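Reviewing the structure listed below.
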Amino acid sequence: MKTYFDHEKLDVYREAIAFCAWTGELLSAITAKAAAKDQLDRASTSIPLNIAEGNGKFSVKDRARFLEIARGSALECAAALDVLVARKLATLEQVESAKDNLVRIVQMLMGMLRRFSERGEFLREDAEQYRIEHEHDY
């Protein structure tokens, strides 16, 4: 694919576009009307849009703000996928690889935020934090 803009060269942008493509396929397969479905559509679209807009900002502070929004949208997508599974509109098997993609997207955005954010020194999330399985005693 020919690149026209700087943001198209970013791995995180490419991952976000791939996630959007996957999301479109999932959403078209779900015939039921659900708020989580609509929210997943908006949040998945928000990720690459905010990466692109942030990458075009000259101010480090502005760039970081858009990357933070993209990160929040990626986390929102993960939650929307959980809701779709909980409501039996999707299966764990359907969403597992997409959630792996979201983990990579969040990790890449965290790396960029550490570089561009004035609060970068306070960002303490480890890359592996998103892979920890928690055991609960109920």
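Please list, ordered by first then second residue, the pairs with beta carbon atoms under 6 Å, 6 or more apart or interchain, first in segment 50-74 and open to solvent by 60 Å² or more (accessible area, probe 1.4 Å), second among the hydrophobic types (A, V, I, L, M, F, W, C).
Glu53/Phe66; Val60/Phe116
For Arg71, only one of the following conditions fails: (1) in contact with a helix residue (DSSP H, G or I) (Cβ under 9 Å, 6 or more places away or on another chain); (2) not in a helix (DSSP H, G or I). What is its number?
Only one criterion in (1) in contact with a helix residue (DSSP H, G or I) (Cβ under 9 Å, 6 or more places away or on another chain); (2) not in a helix (DSSP H, G or I) is unmet by Arg71, namely (2).
Would you mind stating whether Asp41 is more than 25 Å from Ser117 (Cβ to Cβ), open to solvent by 70 Å² or more (accessible area, probe 1.4 Å) and within 13 Å of the chain's Cα centre (by Cα)?
Considered against the rule, which asks whether it is more than 25 Å from Ser117 (Cβ to Cβ), open to solvent by 70 Å² or more (accessible area, probe 1.4 Å) and within 13 Å of the chain's Cα centre (by Cα), Asp41 comes out as yes.
State whether one or more residues within segment 93-104 are open to solvent by 20 Å² or more (accessible area, probe 1.4 Å), in contact with a helix residue (DSSP H, G or I) (Cβ under 6 Å, 6 or more places away or on another chain), modelled with pLDDT under 95 and assigned to a helix (DSSP H, G or I).
no
Considering only residues of segment 1-17 that are of a type in the set (A, V, I, L, M) and open to solvent by 50 Å² or more (accessible area, probe 1.4 Å), which is farthest from Arg63 (Cα to Cα)?
Met1
Based on what the data block shows, is Leu40 closer than 19 Å to Lys99 by Cβ and assigned to a helix (DSSP H, G or I)?
Considered against the rule, which asks whether it is closer than 19 Å to Lys99 by Cβ and assigned to a helix (DSSP H, G or I), Leu40 comes out as yes.
Would you say Glu125 is among the charged types (D, E, K, R), open to solvent by less than 60 Å² (accessible area, probe 1.4 Å), over 16 Å from Arg14 (Cβ atoms) and at pLDDT below 95?
Taking the combined requirement at face value, the residue satisfies it.
Would you point out the residue of segment 4-36, among those that are of a type in the set (Val, Ile, Thr) and within 12 Å of the chain's Cα centre (by Cα), that is nearest to Cys77 (Cα to Cα)?
Step by step, filter segment 4-36, then rank; the result is Thr23.
The values are calculated or read from the model by the stated rules, or taken from the named source; none is laboratory data. Keep in mind that what you see is a predicted model, and the values were worked out from it rather than measured. Neighbour counts are summed over all protein chains in view; Cβ atoms, including those assigned to glycine, are modelled from backbone coordinates with ideal geometry. Ligands, DNA and RNA are excluded from the accessible area calculation, which covers all protein heavy atoms including side chains. Shrake-Rupley method; radii C 1.70, N 1.55, O 1.52, S 1.80 Å.
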